[in-house]
Every structure is written in C-alpha cells, then in structure tokens.
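Down below is the structure, laid out as structure tokens.
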Amino acid sequence: MKSSANQPAAPQDPNLSPSHLDFPVVGIGASAGGLEAICTMFRQMPADSGMAFVIVLHLSPDHQSVADRIIQETTAMPVRQVTEPVPIERNHVYVISPANRLSTNDGYLRVTPANRRRGDHVAIDLFFRDLADVHKDHAFCVVLSGTGADGAVGLSRIKEQGGVTLVQTPDDAQYDSMPRAAIETGMVDVILPAAEIPQKLLELWRNARKVRLPRIDDDTLPPPLGTRVGDPQAFEPLLEEILLQLRSTTGHDFQHYKRATVLRRIERRLHVTGQADLGAYLRYLEEHSEESAALLADMLIGVTNFFRDREAFEALERHVLPQLVSEPEPAEGSGEIRIWSAGCSTGEEAYSLAILASEQLALEQRASKVQVFATDLDERAIGIARGGCYSEAIVTDVPPSRLRQFFAKEDQHYRVRKEVREKVLFARHNLL
C-alpha cells in the first residue's frame, strides 16, 4: 500500500530498530561477472573513506569460498566473510554468501540460513530492504554485473527511504541483466562504470556531511549525516519558495504535505546535487530546469510490492473478503465487488487485491464480478501499472502458486495475466 506524505515511508518491521550509526553503509549486490567489478571498485576506493561496505554475491561455490580473500587483495580495508553477528564499522568490508540470509539491525550484521526455494535469487533484494528500513538516508546501494534481476526491488526501497541508488553502466558490465533490471525501475540516481563509482560515493558522502537543515521531528531516523540547526519555523519561508517554484514548473502543489516528509525528500536532493542548505537548493532549482522534474519524482516516490503490508493483506484475506464475498447476491444478478486502491503507485497493490478477491470468489464458488479502481497522481507509475509487467524479482513477494496461476513469464519479467488485468481500471487522480 503506497506511502504518502502523511504516512511513514514504509511499513515498519517491529523487529527492526533505527540505526545509531553516523556514517553511510553501502550495500553492493552482484552476480556473474560481479567479482571483477567489485575488485575494480575497491582498487579505486581509499582505505579511509569513512563508509562501511556490505557485499552480497551470487557466485559458484568455488568462487564464493574465496571471495573475501580475492577482494582483500584489492584494498587495505579489512575484508570479512560474515558467519556470525558482527558490528558494522567504518572502513570495513563485509562479504556474505546468498546461501545465507543477511540482515542488519542495531548496528550489527547477522546471518541465518536462507531457506529459499531452489533457483530463487533474492538475497540482494532482501538485504537492500533491511538496509533501507534501518539506515534510511545513510543507506547507499550499488548494483553491479549479474544475470537475473536481484536487487531491483530492494533498490527501490533504498530510494524511498532517502538513500541513494547507483548502478554499473550496462555496457561496462560483463553481464548486464541485473543493471538493466535496476534501471528499468526508474529509481536509479547514478549510472557509471564500476571504476567511477567509488569517486561518486565519496562525493555523495562529502555532500551529505555539508548539509544543514532544520530539525526533523521523526524518531525513526538515524543520527543526521549533516547538521540539524534551528527552529523549523525559521526555515518555512525558504521551504515555501521551493514548493512554489516546484508548483510553477510542474503544476503540482505540495504546500499541504507533512513538513518532515517534504524536508526528507529535499534532503535527498541536496545529497545528489551537492547543495548545502535550502537557500542554495532554491537557487539550484531556479537555475537548472531539469531539477524540478527530479524533485517532483522524489516527492511522488511511491514504492510498493505485491502483498507488501503482510498483516494488512492477511486481515483482508481472513476477515474482510470472506465476509464481503459471502453476502447474499442481489436478486437481479450476481453483483459486483468494487475496491478502490488509492495511491496505487505502479499497480502491485491493485493487482494483489484483484488476486485475493479472485481467490476468495473461487473458494466460495461465486460468479460475482470484481472491479478494482486504482488511482495515483504519478502518470509514469500509472503507465507501468497498466502494462502489468514486472521484474522477475517479484518472486521475493509472490508465492510460487500465485506466480503460476496469475502471472505469465516473459523473458526476465512476469506479466499479470489478462484475466486479472481486466479486473483493474487505472486512472490518474489527486487525493488532495
């Protein structure tokens, strides 16, 4: 269910607590050809960058067991294969095998047996999600060479939570499937050859340290990378000018959005553009016409996944839909079940609702028609939703039985089957 400016950026896992670290944690995901790209990166990365690096690799068992030693030859930073809980430290590199499930919480990395279906490649996605939810804007992620689409779903969560997303240029990658899948999400900030990514990471870290913004009242955030100074009310005139400039160039008015959310979205743009404060960013916005579109895209970030808020969808499946479907049919016909998915983003929630309703009708042997009305402000997101075509990384969220029944495999994508797509009507609509 899509986040909005008046809601938390993502459902909060009660088992996760905000990071207390005051430096960036860089998640790096790679598969075939990725070890070479990683070595290229670390040859260019200083040993005293002040960042921590966590690498999730899909490699053959022969390469996997020696990956840490191979990477260690390219950097003076300590490189450690994670086999037990370890604290995350600056200027350290951590390597994890996808045979394990890597999680991050309370400043530690932990591994548990993955327990996934054979053929699933979702270790990078799962780690990127935890990285985003715990470290927020302290999370940077890098997707390098590899086959498949692992990382594309998790990368979107990084950007949603205020982090920065980087991808190896497909032409520079030995295998370009993973970089291309990431780029297709529309959530990538930086696309560079592997050798140039370290310099960009250092630049982003320098930019973040220079940022000066008013206090943000949000106790789920880690310590700021930059400086929080002054009463938010004192910065309100500058914030109003930025929002007025955005409205004049895009036609979208965010004056009534929650200020903490607006500041977090603008802070991300400060990191990416290298501006230090709201005044500098306002000038940058006025002088660079393309920045209005970039800021609008950040304001409209609405990452979603199939069956994303597990507790909410379980409540729908167990309590709401059975009651709705079991109601007596009207005398004049089989009736119609109508559902509105407001803020539907790229359509995953709307299709999830259509799937649940279809399953419940089949269970009750009812012939009622299902109509899901799905709306969002973002025209780009609506276009993706109408196509119903998603990265194969959705295996992270969709059980095998539903994949077989409701999706058709197309190369490295899954398309929602026509009979489900026909139950959903997408339209652009502003709730405010």
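The values are calculated or read from the model by the stated rules, or taken from the named source; none is laboratory data. Note that the structure is a prediction, hence the values are computed from the model and not measured. Neighbour counts run over all protein chains shown; Cβ positions are idealised from the backbone, glycine included.
Being free of Cβ contacts under 8 Å to residues at least 60 places away in the same chain and surrounded by 16 or more Cβ atoms within 10 Å (Cβ to Cβ) is a property that holds for Leu243.
The rows are residues; the columns are (1) assigned by TED's automatic domain parsing to the domain that holds Arg264; (2) modelled with pLDDT of 95 or more; (3) in contact with a Gly (Cβ under 8 Å, 6 or more places away or on another chain); (4) not polar (S, T, N, Q).
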site: Val167; (1), (2), (3), (4): no, yes, no, yes
site: Ala173; (1), (2), (3), (4): no, yes, yes, yes
site: Arg215; (1), (2), (3), (4): yes, no, yes, yes
site: Pro223; (1), (2), (3), (4): yes, no, no, yes
site: Gly226; (1), (2), (3), (4): yes, no, no, yes
site: Leu238; (1), (2), (3), (4): yes, no, yes, yes
site: Arg247; (1), (2), (3), (4): yes, no, no, yes
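Would you call Arg404 modelled with pLDDT of 95 or more, among the charged types (D, E, K, R) and more than 24 Å from Ala294 (Cβ to Cβ)? Here the answer is no, as Arg404 does not meet what is asked.
Note on the range 104-214: enclosed helices (runs of 4 or more DSSP H) holding 3 or more residues that are more than 25 Å from His20 (Cα to Cα) are 177-184. Across the range 360-382, the qualifying residues are those that are touching an Asp or Glu at 6+ places or on another chain (Cβ under 9 Å) and part of a helix (DSSP H, G or I), and the one among them that is farthest from Glu317 (Cα to Cα) is Ile382.
If we scan the range 248-260, do we find a residue that is touching a Ser or Thr at 6+ places or on another chain (Cβ under 7 Å) and in a loop (DSSP other than H, G, I, E, B)? Looking for residues that are touching a Ser or Thr at 6+ places or on another chain (Cβ under 7 Å) and in a loop (DSSP other than H, G, I, E, B), one finds none in the range 248-260, hence no.
Go through the range 273-322 and report how many residues are touching a strand residue (DSSP E or B) at 6+ places or on another chain (Cβ under 9 Å), in a helix (DSSP H, G or I) and surrounded by fewer than 19 Cβ atoms within 10 Å (Cβ to Cβ). Residues in the range 273-322 being touching a strand residue (DSSP E or B) at 6+ places or on another chain (Cβ under 9 Å), in a helix (DSSP H, G or I) and surrounded by fewer than 19 Cβ atoms within 10 Å (Cβ to Cβ): 0 in total.
Count of the range 400-432 residues, restricted to those that are part of a loop (DSSP other than H, G, I, E, B) and of a type in the set (Lys, Arg), is 2.
Condition check for Gly383 on (1) small (Gly, Ala, Ser); (2) surrounded by 14 or more Cβ atoms within 10 Å (Cβ to Cβ); (3) farther than 28 Å from Val325 by Cα: one failure, at (2). When the test is whether a residue is modelled with pLDDT of 95 or more, crowded, with 19+ Cβ neighbours inside 10 Å and not acidic (Asp, Glu), Pro179 passes it.
Residue-by-condition table, conditions (1) within 18 Å of Ala30 (Cβ to Cβ); (2) buried (at least 20 other Cβ atoms within 10 Å of the Cβ); (3) modelled with pLDDT of 85 or more; (4) more than 21 Å from the chain's Cα centre (by Cα):
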site	(1), (2), (3), (4)
Ser97	yes, yes, no, yes
Leu102	yes, yes, no, no
Ile124	yes, yes, yes, no
Cys141	yes, yes, yes, no
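Can you pull out the residues in the range 236-289 that are under 24 Å from the mean Cα position of the chain (by Cα) and of a type in the set (D, E, K, R)? Selection gives Lys258, Arg259, Arg264, Arg265, Glu267, Arg268, Arg269. Just to be sure before I move on: is Ala357 more than 17 Å from the chain's Cα centre (by Cα), farther than 30 Å from Lys258 by Cβ and part of a helix (DSSP H, G or I) in the structure I sent? Against the criterion (more than 17 Å from the chain's Cα centre (by Cα), farther than 30 Å from Lys258 by Cβ and part of a helix (DSSP H, G or I)), Ala357 qualifies. Residue count for the range 144-162 under the criterion of being in contact with a His (Cβ under 9 Å, 6 or more places away or on another chain) and over 13 Å from Ile28 (Cβ atoms): the result is 5.
Counting the residues of the range 392-415 that are out of contact with any Ser or Thr (no Cβ under 7 Å at 6 or more places or on another chain) and either among the β-branched types (Val, Ile, Thr) or touching a residue at least 40 places away in the same chain (Cβ under 8 Å) (or both) gives 10. Can you find even one residue in the range 144-158 that is surrounded by fewer than 24 Cβ atoms within 10 Å (Cβ to Cβ) and in contact with a strand residue (DSSP E or B) (Cβ under 6 Å, 6 or more places away or on another chain)? No: zero hits.
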